[in-house]
Amino acid sequence: MLYSTPLRRIWFFLCAGLVAAIGLRASAVPSAPQAPQAPQAPQAPQAHQAHRDLVQKYCVACHNERLKTGGLVLEDVDVERPAANAEIWEKVIRKVRGGMMPPQGMPRPDAATLDGFVAHLETSLDRAATGPSTALRAGRAVRPTLHRLNRTEYGNAVRDLLDIEIDASALLPPDDESEGFDNIAGVLKISPSLLEQYVSASRTIAAMAVGHSAGPVSEAFRIPPDLAQDDHVEGLPLGTRGGILIRRHFPVDAEYDVSVFLRRNIVGYMTGLEFAHQLEIAVDGERVFLVQVGGEEDNRLSDENMSAAADIIDKRLQTRVPIKAGPRAITIAFLRKNAAESDEPLQPHSRDHDLQNMNGIPLIDYVDITGPINASGPGDTPSRRRVFPCHPEQALPRRGFSEGGCARQILTGLARRAYRRPVTDADVQPLVALYSGARANGGFEHGIEHALRAILANPKFLYRSASAPATDYDLASRLSFFLWSTIPDEELLKVAGEGTLSQPAVLDRQVRRMLADPRADALVSNFAGQWLMLRNLKSFQPNGQEFPDFDDNLRQAFRRETELLFERVMREDRSVLELLTSRETFVNERLARHYGIPGVYGTHFRRVTMPGEERRGILGHGSILTVTSYPNRTSPVLRGKWILENVLGTPPPPPPPNVPSLEESAGTEALTGRALLEAHRRNPTCATCHRVMDPLGFALENFDATGEWRTKDAGAAIDASGQLADGTPVTGPVTLRNALMRHPEQFVRTMTEKMLTYALGRGLEARDMPTVRAVARGAARSDYTFSSIVLGIVRSTPFLMRQM
C-alpha cells in the first residue's frame with residue numbers, strides 16, 4: 001500500500017478540518033450585492049388576466065394533471081407570482097424563447113403576445129431574486145463544500161507551483177463529467193484507489209522537481225496511426241517531413257537512449273526502403289544523430305528476409321545522447337529532399353495514408369526514451385531554482401544562516417503557494433518534521449523532497465472551497481481556477497493579502513489582466529473545448545471506405561481552427577456573436593484543401609476570409625460538423641441536438657427507451673439522411689422531438705460527416721430545407737444562421753449559462769437564471785464583448801457570495 005492506515009487517517013482528519021474551517025469562514029460572508037435587472041412598471045389587472053387566459057387557452061390543454069406533457073403541469077400554478085414556482089416557469093421561459101411552445105400544429109398567440117408573456121415572467125423572477133422575497137431561495141439543492149482539483153487543474157497547479165510540466169494523464173485517471181464539464185464539484189469524488197494515485201503522483205513529481213532519479217525508466221511516445229507523414233509536421237524543423245516532437249522533463253544531467261521504431265506490417269515489411277532517407281534526431285534544435293534508412297543495401301536485406309531486415313534497421317535507429325536536466329524538446333523526423341535531390345518517382349499529393357505506403361515513404365511508429373544512464377547530477381533546472389531559493393551548499397558564510405532555517409523558508413514558501421493563502425505554524429511544523437526525519441537519512445534535498453510530497457498530497461492543495469468566497473484569498477482561488485484553471489499567481493495573492501481584491505475596481509482590473517495573460521488559454525482548451533465538444537474529436541474515427549482522405553492531420557486542424565477563432569474573440573475582446581457570424585477563420589494547407597480554399601500552403605495557420613457565406617462561424621467548422629456525425633454518415637439529429645443545447649439553450653429530453661435506430665426503421669434500402677429520419681418519425685413517440693431537432697440538422701446536410709461540402713447524398717440531390725420550431729423556413733446553413741441571429745440574446749444567454757456553470761463548478765438551478773439574464777443584459781450594452789460576459793459573471797452574486 002502506498003498509504004499506510006495511520007497516514008490515511010491523518011489525511012481524512014485533515015479533510016475534516018478543512019471542511020470545518022470552510023464552514024466557519026463562510027458564515028461570515030456579507031450580504032449579497034444587488035444584481036442588475038430590467039425595470040418594469042407594475043402591471044394592470046387587465047394584464048394579469050391576459051396572462052392567465054393565455055396559459056389556459058394555449059398551455060393547459062397539454063400541461064394538465066392528467067397528461068403531464070413533458071413532465072410539466074401548469075393548471076392551478078399562479079402565473080402572477082412565478083417566483084413561488086420558479087423551476088416550472090423557468091422551463092416555460094426556455095421553451096417559449098426557443099419557439100417550442102406552443103408546438104407546431106397547435107394554436108399559438110402572435111409573437112408580440114408571447115414576447116410580452118415571457119417578459120412578464122422574466123421580470124417577475126428577476127425582481128424576486130434581488131428583492132427581499134425568499135421565494136427563490138427555498139428548496140435549493142444540497143451542495144458540496146469542497147471542490148477537488150480535476151486532473152487538468154492539478155497538472156497546471158503543479159506547473160505553476162514548481163515550474164515543471166507534467167503529463168497528468170499518465171499519473172491520474174480521467175475525471176467524471178457532469179453538466180458538460182469535468183470541473184463540477186459534485187462528481188469530483190475521491191476514493192481509496194484515487195488517493196493512492198495522488199500519493200504515487202506526489203512521489204513522482206517531488207523527485208522530478210528536486211532532480212532525484214531512482215534509476216533508468218523507459219517511456220514510449222507513439223504517433224497516431226492515421227497521421228500523414230508525407231509532409232512537414234507543425235513544430236518540427238523546417239526541411240523535414242513526418243516525425244514527432246517530444247517535450248519532456250529530464251530529471252538529471254545524464255545519458256539517455258533514444259530508439260526509433262519504424263512502422264512495419266505483420267510480416268515485418270517496412271515501406272520506403274527502395275530509396276535512401278536521412279533520419280535526424282535533435283535536442284532543442286541541435287542535431288545529435290543522423291542516420292540513413294533505406295537504399296540499395298536495406299532493400300536487398302528486405303528482399304531476402306523482411307522481418308530480419310526490419311530488426312536490423314530498428315537497431316540502427318538507436319543512439320545514446322547526453323542531455324542536460326530540465327525541459328527539453330526532442331525532434332525526430334526525416335530530412336526532406338527537394339525534387340532535384342530525390343531519386344524517388346514524383347507522386348501527386350494524396351491524403352490517403354494507405355497511398356503513403358505505396359509511394360515509398362518510411363513511417364515512424366513510435367519512439368522510446370530510456371534513462372537516466374551515467375547520471376552526473378541534478379543540473380540547473382527551472383524547477384530546482386523554484387524549489388530551492390536557498391541551499392546550504394550555495395550559501396555564503398553569514399551570521400544567522402542555518403540549514404534548518406533554509407528548510408523552513410523553502411517549505412513555508414511552497415505551502416503558501418500550494419494552499420493559496422498565508423500559512424501558519426500549524427501548517428508548516430508537520431512539514432518541517434517530515435523534512436527532519438528524511439534529512440537524517442538522506443541529506444538536505446532528500447528531506448525537502450519528502451516534505452514536498454506531503455504538500456502535493458495534502459487536501460489543502462488538492463481541494464478548494466465549493467462554497468462562496470469568505471475571504472479575498474478564496475476569491476483569488478475561484479478567479480484563477482475559472483480563468484486559468486490553476487492556482488493564483490503572486491500578484492493575485494498580493495492583492496488578496498491587501499484585502500482589496502473584492503473591491504469592484506480592483507476586481508475588474510485583475511480580471512482584465514488575467515484575460516490578457518497566456519494562462520487564459522485555459523478558457524480555450526478547457527471551457528470552449530468542452531462546451532463546443534472539441535475534445536470529442538480525438539476519438540472520432542470515420543469509416544475508411546466512406547472517407548479515405550481523413551487523417552489525424554485534418555482532425556488536429558479541425559480543432560485548432562475553432563480554438564483560434566474562440567481565442568481571437570477572447571484576446572481581441574470581440575463580440576461573442578462572431579462565433580456564429582465571423583467571415584474570417586484560420587486554416588493551414590491541409591484544412592484549406594479540405595474546404596476548397598486555394599493559395600494556402602504550409603502547416604502553420606493563418607487568418608483568411610471565407611469565399612462564401614456557407615462556412616461563416618462555428619456552424620461551418622469541420623470540428624462541429626464532425627463531432628455531430630456518425631463514422632459513416634451525417635446525423636441531422638445530433639447536429640440539431642447540438643444547436644439546441646449549445647446555441648439555443650433548449651436541450652431536448654432524452655429519447656424514450658426501446659426506440660429503434662434509423663437503420664432499423666428504414667430496413668436494408670440505401671436512403672438519404674432525410675429519408676432515414678422520415679421513416680424514423682413514423683413512430684409517434686419520436687415525432688414530437690424530431691420535429692424540433694431535425695430541421696436544424698437538415699439545414700447543415702450539405703456538409704458531409706467530415707465537414708466537406710457536397711451536393712448529393714446516396715445519389716440524390718441534398719434537400720436542406722425545413723421549418724424551425726417557431727415556423728421560420730430555412731433552406732441551408734445561411735438561412736439557418738440568419739434565423740438564429742434574429743434573437744442574438746438567446747445565444748448569449750446560452751453561452752453565459754455554460755460559462756457560469758464552468759465558473760461555479762456546479763449545475764445551475766432556476767434561482768440562477770436571473771443572474772444569467774442580468775449578465776446578458778449587461779453585456780448587450782457593450783455589444784456582447786467577451787470581457788463583458790466574463791466580468792458580469794465575476795461580479796455576480798453566485799460567483800461572489802454564498803447563495804442564501
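The values are calculated or read from the model by the stated rules, or taken from the named source; none is laboratory data. Remember, it's a predicted structure, so these values are computed and weren't measured experimentally. Note that we place each Cβ from the backbone using ideal geometry, even for glycine, and neighbour counts take in every protein chain shown. Accessible surface areas use protein heavy atoms only, side chains included; no ligands, DNA or RNA. Shrake-Rupley method; radii C 1.70, N 1.55, O 1.52, S 1.80 Å.
Observations on the model:
- Span-like helix criteria (full DSSP H runs; alpha carbon extent of at least 30 Å along the helix axis; mean Kyte-Doolittle hydropathy of at least 1.0) are satisfied in the chain by 5-26.
- When each of the peptides 475-482, 83-90, 367-374, 297-304 is scored by how many other beta carbons lie within 10 Å of its residues on average, the order from highest to lowest is 475-482, 83-90, 367-374, 297-304.
- Ranked by how many other beta carbons lie within 10 Å on average, peptides 549-556, 780-787 from highest: 549-556, 780-787
- Given a 1.4 Å probe and the protein chains as shown, Cys390 ends up with an accessible area of around 20 Å².
- Accessible area of Glu546 in the full protein assembly, 1.4 Å probe (Å², nearest 10): 110 Å²
- Cβ-based charge dipole, the chain, positive-most Cα from Gln530, Ala84, Leu194: Ala84
- Taking a straight line from the alpha carbon of Lys712, not one of the lysines sits under 18 Å away once near neighbours fewer than eight places off in the same chain are left out.
- For the stretch 472-560: rounded, prolate or oblate by the Cα gyration tensor [a/c cutoff 1.5]: prolate
- Out-of-range pairs (alpha-carbon distance over 22 Å; input Lys189/Lys460; Lys57/Lys91; Lys460/Lys538; Lys57/Lys754; Lys68/Lys91): Lys460/Lys538; Lys57/Lys754
- Scattering curve values for the stretch 214-349, log₁₀ I(q)/I(0), Debye with Cα scatterers, q = 0.12 Å⁻¹: -0.52
- Shape of the stretch 188-270 from the C-alpha gyration tensor: prolate (a/c of 1.5 or more and a/b above b/c, with a ≥ b ≥ c the square roots of its eigenvalues).
- Dipole moment magnitude, nearest 20 debye, the chain about Cα centre, only Lys, Arg, Asp, Glu C-beta charged: 3120 debye
- Per residue accessible area in Å² of the stretch 425-566, where ligands, DNA and RNA are left out and the probe is 1.4 Å: 35 Å²
- Taking 7 Å steps out from each Cα toward its Cβ at Arg300 and Ser191 produces label points 5.9 nm apart.
- Cα-based Rg and Dmax for the stretch 393-539, where Dmax is the largest Cα-Cα distance (Å): 19.0, 61
- Between the listed residues Ile618, Val608, Ala592, the Cα displaced farthest toward the positive end of the dipole of the stretch 571-621, a dipole computed from Cβ unit charges relative to the Cα centre, is found at Ala592.
- Taking 25 °C and 0.890 mPa s as conditions, the stretch 367-465 diffuses translationally at an estimated 165 µm²/s according to Stokes-Einstein applied to its Kirkwood radius (Cα pairs).
- Helix-only mean residue ellipticity at 222 nm for the chain, each DSSP H run of n ≥ 4 adding -39500 (n - 2.57), per residue, nearest 500: -13000 deg cm²/dmol
- When a 1.4 Å probe is rolled over the protein heavy atoms, the share of accessible surface on the chain that falls to carbon and sulfur comes to 53 percent.
- Packing-based ranking, highest mean first, of 155-162, 619-626 given that Cβ atoms within 10 Å are counted: 619-626, 155-162
- Simple spin-label estimate for Thr69 and Glu745 in nanometres, 7 Å along Cα-Cβ: 2.7 nm
- Heavy atoms of the protein chains alone define the surface here; on that basis the stretch 737-804 has 30 Å² accessible area per residue at 1.4 Å probe size.
- Cα gyration tensor, the stretch 573-665 - rounded (a/c under 1.5), prolate or oblate: oblate
- Kirkwood hydrodynamic radius (C-alpha pairs) into Stokes-Einstein, the chain, 10 °C and 1.306 mPa s, D in µm²/s: 53 µm²/s
- Set of lysines near Lys337 by C-alpha distance (under 28 Å), chain-local residues within fewer than 8 positions excluded: Lys315
- Only protein heavy atoms count here; on that basis, with a 1.4 Å probe, Val506 has an accessible area of about 20 Å².
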